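Only one structure is covered here, and it is reproduced in the block below.
The values are calculated or read from the model by the stated rules, or taken from the named source; none is laboratory data. What you are looking at is a predicted structure, and each value in this text was computed from that prediction instead of being measured. For neighbour counting, all protein chains shown are included, and Cβ atoms are generated from backbone atoms with ideal geometry for every residue, glycine included. Heavy atoms of the whole protein, side chains included, go into the accessibility calculation; ligands, DNA and RNA do not. Shrake-Rupley method; radii C 1.70, N 1.55, O 1.52, S 1.80 Å.
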Amino acid sequence: MKALIETRNTRPEKVFLVGVELKSRNGADVRELLAELSELAQTAGAEIAGDGIQKMETPNAATFIGKGKAEEFANFCRRHDVDTVIFDDELSPAQSRNLEKIFGCRVQDRTSLILEIFAQRARTREGKLQIELAQLQYLLPRLTRFWSHLSRQRGSTGSIGGEGESQLEADRRKISERIEKISRDLNLVRRRRETQRAGRQRSQWPLASIVGYTNAGKSTLLNALTGADVMAKDILFATLDPTTRRLKLPTNQNVLLTDTVGFIRKLPHGLVEAFKATLEEVVQADLLVHVVDISHPQAEEQIAAVNAVLEEIGAGEKSTIMVFNKLDKLNGNSALNRLQEKYPHAVGISATTGEGVSHLLAELGTQLKPKREFLELKIPHEQSAVIAKLHKVGQVIERRYHGRTAKFKARIPPHFHDEFAPFIAKAE
Ligand SMILES: Nc1nc2c(ncn2[C@@H]2O[C@H](COP(=O)(O)OP(=O)(O)OP(=O)(O)O)[C@@H](O)[C@H]2O)c(=O)[nH]1
Ligand SMILES: [Mg+2]
C-alpha cells in the first residue's frame, strides 16, 4: 500500500491557505488558526504563496466556501503556480472533489496535512503503524473512482463503468483488510508495552507524563531534567514516540518521566484513536506535567486544546502540575499574571536557562509523596464497574481473569481505599 500522500518533486510545494470566519468564531481566532496552519504547512516542507479568509454564516455543502470566493482564490492560485490549496477545516469527500475541479490542483484539509506530517516524522514501527492506520481510516470514506490522487498514483487513466466499480470495491476491501491487520499488530505492541509497564510498576516508581501543546518545550524539559537526548526542535510534532527516563528527585525519590507526542487544536480524531497505544503512558501516569509555552499569544487556547485531548483519552481527571515554560522569552508579565491567577499552583520555568527548575523538582516531590497503596484484589466479573474504576484510578500490575473472580495486583491512591476495601484479598 502506498502512502496516502504522493512524494514530492524537488521544488518546494507552493500552497495557498484558506480559513473561514463562521459566525461562531471571531476574526482573531481565524487569523491565529491560519498562522498555525501556515506553521504546519512549513513543517511539512511547503512554501506559502498566500492565504484567504471568507466570512460566512454556515459552510457551503458543495464547496465549503462560496463558489464565487473559490473562483476568486483559484485565479490567484493559477497566477502564483500554487500546487496545493489547504483548508483549515475538515472537508467532506464531495467538497474536496468539487474544490479540486474549481482550483484545478490538489486540495487538502488540516486533518490530512497533520496526518502527512505525522507520516513524515514516524520513526518506530509502532509510530508508522499508528499513522498508517489513521491515514487509511481517513482515506476509506474518500475512496471513489473519482478520487484523483489514488488513480494518479497508480498511473491508471481511470476506468469506466462496471470495471471501475469492481476496482473500487477491490480497493475498499484491500484497505479494510490492511486496517484489520494493522489493528491486530498494534494490539500486539500494546500488549508488549503492558508487560514492560508491569515490570516498571513492580519497581514501584511512580510515573509522571509530560503533556502539552506541540512546540511547548516538552522534550527540552525532559532533556534538561534527565540528560535524555530527545530531539527538541522549533518545528511542530518533533516528537512522536514516547521516551521514558528515570529522574531522581532531590528527596532521593525516583520518578519515571515520559515525554510524548504533542497536541494541537483540531487534532484529527482518528489520530488520537490511533495513538492510543502511545498515549497509554499518559493514561497510566500518576501525575501529569502539563507544559505550556507561556510566551505564546494563544497560550490559554492551547491549554484548552490539550485539556480537550486529555478528556478524550480518559486522562482529564489526573492530578496535574501546570508548568509555564519559556519564561525567558516573555515580554512583560500580563499574560503570566493572568494565567497565574487561573492556575495558582503553576510553576514558572525556562527549560533552556534552567530558571525555576528546582522549584519544579520540589513540586514533583510534593505531588508524588502520597505513596500508593499496594493491594491484591478479588473482584467478581459481574462487578465490571469496580473493575473499570480500578483501571481508571489505579495501576494494575497483574491481572488474572480465570475463574469466577478476576484477580488483580494493583497500586491505588490511598484515598480510594474504602471503595475497594470489600474486594481486598491481601494488603501489603
Ligand atoms: N526561549 C526558550 N525556548 C525554549 C524553551 N523550551 C523550549 N524551547 C524551544 O522551543 C522549541 C520546541 O521545543 P521542544 O522541546 O522540541 O518542544 P516539544 O513540546 O517537545 O515539541 P513537539 O515534540 O514538537 O510537540 C525548541 O526550539 C526549543 O529550543 C525555553 O524555556 N525558552
Ligand atoms: Mg518533543
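General remarks:
- Residue match in the range 331-342 (condition: part of a helix (DSSP H, G or I) and of a type in the set (Gly, Ala, Ser)): yes
- Restricting Ala74, Ala70 to residues that are open to solvent by less than 20 Å² (accessible area, probe 1.4 Å), without any contact (Cβ under 8 Å) to a residue 40 or more places away in the chain and touching a Ser or Thr at 6+ places or on another chain (Cβ under 7 Å) narrows the list to Ala70.
- Every residue from the range 9-22 that is at pLDDT below 90 and either touching a Gly at 6+ places or on another chain (Cβ under 9 Å) or open to solvent by 50 Å² or more (accessible area, probe 1.4 Å) (or both): Asn9, Thr10, Arg11, Pro12
- Residue match in the range 200-218 (condition: of a type in the set (A, V, I, L, M, F, W, C), within 16 Å of ligand 2 (Cβ to nearest atom), in contact (Cβ under 8 Å) with a residue 12 or more places away in the chain and open to solvent by 20 Å² or more (accessible area, probe 1.4 Å)): no
- Residue tally, condition in contact with a strand residue (DSSP E or B) (Cβ under 9 Å, 6 or more places away or on another chain) and not hydrophobic (A, V, I, L, M, F, W, C), over the range 353-370: 6
- Residue check for Thr258: of a type in the set (S, T, N, Q) and either more than 16 Å from ligand 2 (Cβ to nearest atom) or farther than 23 Å from Ala44 by Cα (or both): yes
- Qualifying residue in the range 271-278 (condition: within 30 Å of Ala28 (Cα to Cα) and either surrounded by 21 or more Cβ atoms within 10 Å (Cβ to Cβ) or in contact with a helix residue (DSSP H, G or I) (Cβ under 7 Å, 6 or more places away or on another chain) (or both)): yes
- Qualifying residue in the range 350-368 (condition: within 16 Å of ligand 2 (Cβ to nearest atom) and among the small types (Gly, Ala, Ser)): yes
- Residues in the range 219-228 that are in contact (Cβ under 8 Å) with a residue 60 or more places away in the chain and more than 10 Å from ligand 2 (Cβ to nearest atom) were compared, and the one that is surrounded by the most Cβ atoms within 10 Å (Cβ to Cβ) is Leu225.
- Taking the criterion of being surrounded by 13 or more Cβ atoms within 10 Å (Cβ to Cβ), away from ligand 2 (no atom under 11 Å from the Cβ) and assigned to a loop (DSSP other than H, G, I, E, B), the only residue of the range 229-250 that qualifies is Leu249.
- Residue in the range 280-293 that is open to solvent by 30 Å² or more (accessible area, probe 1.4 Å), more than 14 Å from ligand 2 (Cβ to nearest atom) and of a type in the set (Gly, Ala, Ser) present: no
- Boolean, Phe423 is within 33 Å of the chain's Cα centre (by Cα), of a type in the set (Phe, Trp, Tyr) and surrounded by 13 or more Cβ atoms within 10 Å (Cβ to Cβ): no
- Once the range 361-412 is narrowed to residues that are acidic (Asp, Glu) and surrounded by fewer than 16 Cβ atoms within 10 Å (Cβ to Cβ), the residue that is farthest from Thr320 (Cα to Cα) is Glu382.
- Condition met for Glu355 (modelled with pLDDT of 90 or more and open to solvent by 20 Å² or more (accessible area, probe 1.4 Å)): yes
- Condition check for Ser219: part of a loop (DSSP other than H, G, I, E, B), hydroxyl-bearing (Ser, Thr, Tyr) and modelled with pLDDT of 85 or more: no
- The range 23-52: number of residues that are among the aliphatic types (A, V, I, L, M), open to solvent by 30 Å² or more (accessible area, probe 1.4 Å) and at pLDDT below 95: 2
- When Asn98 is tested against (1) part of a loop (DSSP other than H, G, I, E, B); (2) free of Cβ contacts under 8 Å to residues at least 40 places away in the same chain, just one condition goes unmet, and that condition is (1).
- Tally of residues being among the charged types (D, E, K, R), in a helix (DSSP H, G or I) and touching a Phe, Trp or Tyr at 6+ places or on another chain (Cβ under 8 Å) across the range 283-313: 0
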